[in-house]
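Contents: one structure, followed by commentary.
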Amino acid sequence: MEENVDLPIDIDQKLTAGRVRNFFKYNFTKYLIKAGYHRTDLSSPQLDLTGVASHGKNSAEMKMAAIFEAQDKCKAIYEAIDHCSDSSRQPFRTILKSLYIDGLEDWQVALKVQYSDSRYSDLKRYALCQFADTIDTWKTVYDVSIPELRIFKNRVDFGSKSGEDQI
């Protein structure tokens, strides 16, 4: 029996984890490039909740607004990771930061959190699912559009197959 680790029970953990992995591989990388950020720039972002409002319609302002939006998406992602559980039994924040901010490989992260490969795989899946749940709060705080990452059990998902959610 799978341990549910404080996740909504209607989330399909395997499919959600796969969607989040694709999100980090494709979307997050695009956001970083567009924002002019490197992953290490997110180690402790300066929070600016005031946002940027652009009322002009010229090309330079629109380009700057797109850059600011990408920066806000990166900050929302970082905050979502930073607000995931992080204890010896649920090292979700450590796993996510190590993989997607520090760029470590799975085997390195498994050693870091001191779990066997099989247990690490379970913990990684739980971490990805908790991120999918947590990002909703931070995309609201930063007022950014990030695709829905959770896949719910017993619901028709008219969304997309992997990769089509990319922005």
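The values are calculated or read from the model by the stated rules, or taken from the named source; none is laboratory data. Just so it is clear, the structure is predicted and the values come from calculations on it, not from any experiment. Glycine gets a Cβ as well: all are built from the backbone with ideal geometry, and neighbour counts include every protein chain shown. Side chains are part of the model used for accessible areas, which takes the heavy atoms of the whole protein and leaves out ligands, DNA and RNA. Shrake-Rupley method; radii C 1.70, N 1.55, O 1.52, S 1.80 Å.
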(request) Scan segment 71-90 for residues that are open to solvent by 30 Å² or more (accessible area, probe 1.4 Å) and in a helix (DSSP H, G or I) and jot them down. (result) Gln71, Asp82
(request) Hey, can you tell me all the residues within segment 108-156 that are part of a helix (DSSP H, G or I) and hydroxyl-bearing (Ser, Thr, Tyr)? (result) Ser118, Tyr120, Ser121, Tyr126, Thr134, Thr137, Thr140
(request) Output yes when any residue across segment 129-147 is farther than 24 Å from His38 by Cα and open to solvent by 40 Å² or more (accessible area, probe 1.4 Å), and no when none is. (result) yes
(request) Return yes when Arg125 is in contact with a helix residue (DSSP H, G or I) (Cβ under 8 Å, 6 or more places away or on another chain) and farther than 24 Å from Val144 by Cα and no when it is not. (result) yes
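Residue-wise test of (1) among the polar types (S, T, N, Q); (2) open to solvent by 70 Å² or more (accessible area, probe 1.4 Å); (3) touching a residue at least 60 places away in the same chain (Cβ under 8 Å).
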{"site": "Met64", "(1), (2), (3)": "no, yes, no"}
{"site": "Glu69", "(1), (2), (3)": "no, yes, yes"}
{"site": "Phe92", "(1), (2), (3)": "no, no, no"}
{"site": "Asp102", "(1), (2), (3)": "no, yes, yes"}
{"site": "Gln114", "(1), (2), (3)": "yes, yes, no"}
{"site": "Arg119", "(1), (2), (3)": "no, no, no"}
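Any chance you could count how many residues in segment 108-132 are acidic (Asp, Glu) and at pLDDT below 95? Before you say what the answer is, go through the steps one by one.
First, pick out the residues of segment 108-132 that are acidic (Asp, Glu): 117, 122.
Narrowing the set further to residues that are at pLDDT below 95 leaves 117.
Count: 1.
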(message) For segment 2-35, which positions are at pLDDT below 90 and either at positive phi or open to solvent by less than 80 Å² (accessible area, probe 1.4 Å) (or both)?
(response) Glu3, Asn4, Val5, Asp6, Leu7, Pro8, Asp10, Ile11
